[in-house]
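Student: Below is the structure I would like to discuss, written out as structure tokens.
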Amino acid sequence: MQHPLLAIILAVGPADTAAQARPLGAVAALVGQGTITHAADVERAPARVRDEIFVRDRIETAEQSVIRVLMGGRITVTIRERSIVTITDDPMCPLVEILTPNAVMGIRGSLVIAQVSGPDSDVTVLEAHTPVTIAPRAHPTQTTLLPIGHSVRVSGPRHAARIGQIRRATHEHLTCAADLAEVPGRPRDGGQQRAFGHEARTVQRALQARGQRRPHEGDEATAERAERAFAGRRFGAPR
């Protein structure tokens with residue numbers, strides 16, 4: 001049985017009345033079916049491309065459906081099937097928080113995948129220009145850094161959530177996580193390429209940290225060609 005991905009996006013700082021009256025963004029892509037419930041409305045309305053999104057809107061997706069929302073031209077939210085996402089404040093502030101039932105993540109300029117299954121929240125960081133933090137919902141100040149290319153599971157109910165061991169994500173896990181950030185039938189926006197580019201650089205740094213020789217330029221070129229070849233197979237780019 002599949003469980004919905006349940007997330008709330010919250011910006012630091014309350015939204016004023018004017019912010020609630022103006023649209024924060026719009027539906028950029030829709031595959032399948034979904035609904036949008038505006039704060040002022042009681043009934044849900046079918047989601048359509050270019051529908052405007054406001055503060056406190058509730059977005060839901062049906063089976064085998066994906067909705068992508070673009071907010072302010074800077075923040076992209078990809079909502080997978082059987083999911084519920086609520087915009088609780090104006091996310092145009094520098095720091096955005098993603099809340100699941102038992103965890104909270106602080107992000108800025110990042111590509112983060114959050115999945116909820118039963119009482120567990122699984123979080124994977126594919127890209128981050130500034131550090132990504134994660135904390136239990138009941139103790140939001142007890143933050144832990146989540147590095148790029150790593151994943152963690154937060155288990156238990158909100159009042160007793162526990163952050164598990166932070167692990168380096170496997171190649172297969174990164175592949176699946178990056179796929180969740182894409183919209184079926186649309187050009188890929190680079191989640192895979194960024195994730196595996198980081199993975200290749202991490203391996204090089206690990207080898208150097210163990211005292212092995214620094215790769216020559218020829219070695220680096222070989223690694224770069226291999227990385228491009230994999231990306232080409234994933235994205236269908238010419239070799």
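Student: With each pseudo-label sitting 7 Å past Cα toward Cβ, what's the HIS129-THR144 distance in nm, one decimal?
Tutor: About 2.8 nm separates the two model spin labels.
Student: While we're here: Given labels modelled 7 Å from the Cα in the Cβ direction, how far is it in nm from THR170 to ARG158?
Tutor: 3.4
Student: Rank-order 36-48, 57-69, 168-180 by packing density, defined as the average count of other C-beta atoms within 10 Å over each peptide's residues, highest first.
Tutor: Descending mean neighbour count gives 57-69, 168-180, 36-48.
Student: Separate question: Bins of 10 Å, beginning at zero and ending with the bin holding the largest distance: percent of Cα pairs per bin for the stretch 65-175, please.
Tutor: 14, 47, 36, 4
Student: Multiply the residue separation of ALA39 and THR76 by 0.36 nm, subtract the distance between their alpha-carbon atoms, and state the gained length in nm to one decimal.
Tutor: So the chain would gain 11.2 nm between ALA39 and THR76.
Taken together, the values in this text are just the output of simple stated rules run on the coordinates, not laboratory data. Keep in mind the model is a prediction, meaning the values are calculated, not measured. Positions of Cβ are generated from backbone atoms using ideal geometry, with glycine treated the same way; all protein chains shown enter the neighbour counts.
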